[in-house]
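Novice: Here it is: the structure, laid out below.
We did not get these values from a lab; they are worked out from the coordinates using the rules stated. Everything numeric here is computed off the predicted structure, so don't read it as measured data. Because the Cβ atoms are built from the backbone with ideal geometry, glycine has one as well, and the counts that use them run over all protein chains shown.
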Amino acid sequence: MKFLKLDHIGIAVPDLKEAVEIYRKLLGKSPEHYEEVAEQRARTAFFSVGETNLELLESTSPDGPIGKFIEKQGRGGIHHICIQVDNIEKVLEEYKRAGVLLIDEKPRIGAHGKKIAFVHPKSTGGVLIELAEVMK
């Protein structure tokens, strides 16, 4: 099991266009990538920051994970951190054997077409962790 780097930090935002303008001013550049991730019911914008990325996420549906997060929090904020791994299936198997509570026991497709899976915050001290396999 090999953890490669922090892939990105996911930030839930109520309005993607407004958030992009804020981060454009803060970072002095435009997003490198926009994408709609239908399975997650979200629109995203990615800003590269050094070796990692900031992923701004706007819900496309009130019952999607980002919509529910914003409703529960009453605002946007850090939604998850994503760690890049070399073999997501192997990591998930090792986590299952270790008794780690998973949201996804099998990978699914996320932004950029990467294989992803989420670890339940109950197993991480309250932090939602996304695993993403390196594109090969």
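Novice: With both partners inside the chain, how many of the DSSP beta bridges are antiparallel, as a percent to the nearest 5?
Specialist: 75 percent
Novice: Kirkwood-based Rg over Rh for the chain (C-alpha set), two decimals?
Specialist: So for the chain, dividing Rg by the Kirkwood Rh gives 0.96.
Novice: Between Val100 and Glu35, what is the spin-label point distance in nm, taking each point 7 Å from the Cα along the Cα→C-beta axis?
Specialist: According to this spin-label approximation, the distance is 2.1 nm.
Novice: Additional query: About the Cα centre of region 3-133, what is the dipole size in debye to 20, counting +1 per Lys and Arg Cβ and -1 per Asp and Glu Cβ, all else neutral?
Specialist: Dipole about the Cα centre, nearest 20: 240 debye.
Novice: Modelling each spin label as a point 7 Å along the Cα-to-Cβ direction, I'd like the His120/Arg108 distance in nm, to one decimal.
Specialist: 1.6 nm
Novice: Select from Ile66, Ile81, Ile22 the residue whose mean-square fluctuation is largest in a Gaussian network model of the chain (Cα-Cα springs shorter than 10 Å).
Specialist: In the Gaussian network model the winner is Ile22.
Novice: Cα gyration tensor of region 1-80, axes a ≥ b ≥ c as square roots of the eigenvalues: rounded (a/c below 1.5), prolate (a/b > b/c) or oblate?
Specialist: oblate
Novice: Can you pull out the chymotrypsin sites (Phe, Trp or Tyr not before Pro) in region 20-76 whose DSSP state is coil and whose Cβ has at most 16 other Cβ atoms within 10 Å?
Specialist: Numbers: sites: Tyr23, Tyr34, Phe46, Phe47, Phe69; in loops: none.
Of the chymotrypsin sites (Phe, Trp or Tyr not before Pro), not one in the loops of region 20-76 has a Cβ with at most 16 other Cβ atoms within 10 Å.
Novice: What FRET efficiency, computed as 1/(1 + (r/R0)^6) with R0 = 35 Å and r the Cβ-Cβ distance, is obtained for Lys90 and Lys25, rounded to the nearest 0.05?
Specialist: Once rounded, the FRET efficiency stands at 0.25.
Novice: Starting from the Cα-Cα distance between Ile81 and Lys2, subtract it from 0.36 nm times their residue separation and give me the gain in nm to one decimal.
Specialist: 26.8 nm
Novice: Kirkwood Rh, Cα Rg: Rg to Rh for region 61-126?
Specialist: Looking at region 61-126, the ratio lands at 1.00.
Novice: Another question, if that's okay. Ignoring everything except DSSP H segments at least 4 long, calculate the 222 nm mean residue ellipticity for the chain; use -39,500 (n - 2.57) per segment, divide by total residues, nearest 500.
Specialist: Mean residue ellipticity, 222 nm, calculated: -7000 deg cm²/dmol.
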